[in-house]
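I have placed the structure first, in the form of structure tokens, so that the comments after it can refer back to it.
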Amino acid sequence: MRMFVSLPIMLIVLVIGNAIGFAQDALGDRTNGKAIYDTHCLRCHGDHGEGNGPEASALIVPPTNFQTPESRMKSEFELRSTVIWGMAFSPMHGWFNILDGQEIREVIQYIRQLAPYQAKDYSDLTHDRIEKHT
Ligand code: HEC
């Protein structure tokens, strides 16, 4: 019974905690981000974020290579949700109970330093193609 009560409370604390974290610092500290990455993420995602860390080959689902265009076009919001909640049926578990809001922001800043954000390229999307799709 206790578990059923504590889960909603945990979620409320998490949501409020994140809102406070957002107000504190939008950018994060990249030096600290590297330390967090090296401690928790490098073993799967690799030292350059290419998804080739020392433990990667033992996993059935390969760790994301942050250098791919698909990963680089992800918004900070998308990365943040993945790091907080993890991905279903994947070794990428959620980190909400290990890292706090500020630490998650810092580690994402570091990932974006390794693999800078690249906006999606719509330049080949001509008027013709847009019409065919609608
Ligand atoms: C046990 C190995 C492992 C560890 C440790 C790990 N990850 Fe992952 N991560 C994965 C795997 C596997 C995926 C891909 C999951 C999938 O595609 O289903 C992933 C996916 C991601 C994604 C989604 C990227 C995208 O472009 O969709 C992000 C962001 C991410 N990890 C960040 C982190 C951060 C930050 C840490 C450290 C705090 C971390 N990961 C630690 C295995 C790991």
Quick check: anything in segment 116-126 touching a helix residue (DSSP H, G or I) at 6+ places or on another chain (Cβ under 9 Å) and buried (at least 18 other Cβ atoms within 10 Å of the Cβ)? no
Residue count, segment 43-69, condition closer than 16 Å to Val107 by Cβ and more than 8 Å from the ligand (Cβ to nearest atom), comes to 4
Would you point out which residue out of Gly101, Gly17, Gly21, Gly28 is of a type in the set (Gly, Ala, Ser) and modelled with pLDDT of 95 or more? Gly101
It is to be established whether one or more residues within segment 107-114 are loosely packed, with under 14 Cβ neighbours inside 10 Å, of a type in the set (Phe, Trp, Tyr) and modelled with pLDDT of 95 or more. no
I'd like the residue in segment 70-90 that is closer than 18 Å to Gly46 by Cβ and either under 12 Å from the mean Cα position of the chain (by Cα) or modelled with pLDDT of 95 or more (or both) and, out of all such residues, is farthest from the ligand (Cβ to nearest atom). Arg72
How many residues are more than 17 Å from Thr39 (Cα to Cα) and either in contact with a strand residue (DSSP E or B) (Cβ under 7 Å, 6 or more places away or on another chain) or crowded, with 16+ Cβ neighbours inside 10 Å (or both) if we restrict to segment 77-100? 4
Hits in segment 52-101 (condition: under 21 Å from Pro116 (Cα atoms) and in contact with a His (Cβ under 6 Å, 6 or more places away or on another chain)): Gly53, Pro63
Please verify whether segment 114-127 includes one or more residues that are touching a Gly at 6+ places or on another chain (Cβ under 9 Å) and either near the ligand (Cβ under 10 Å from one of its atoms) or assigned to a loop (DSSP other than H, G, I, E, B) (or both). yes
Taking Phe96 and the conditions (1) within 22 Å of Asp29 (Cα to Cα); (2) under 11 Å from the mean Cα position of the chain (by Cα); (3) touching a residue at least 12 places away in the same chain (Cβ under 8 Å), which numbered condition does it fall short on, given that it satisfies the others? (2)
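The values are calculated or read from the model by the stated rules, or taken from the named source; none is laboratory data. Just so you know, these numbers come straight off a predicted model, no measurement behind them. Neighbour counts are summed over all protein chains in view; Cβ atoms, including those assigned to glycine, are modelled from backbone coordinates with ideal geometry.
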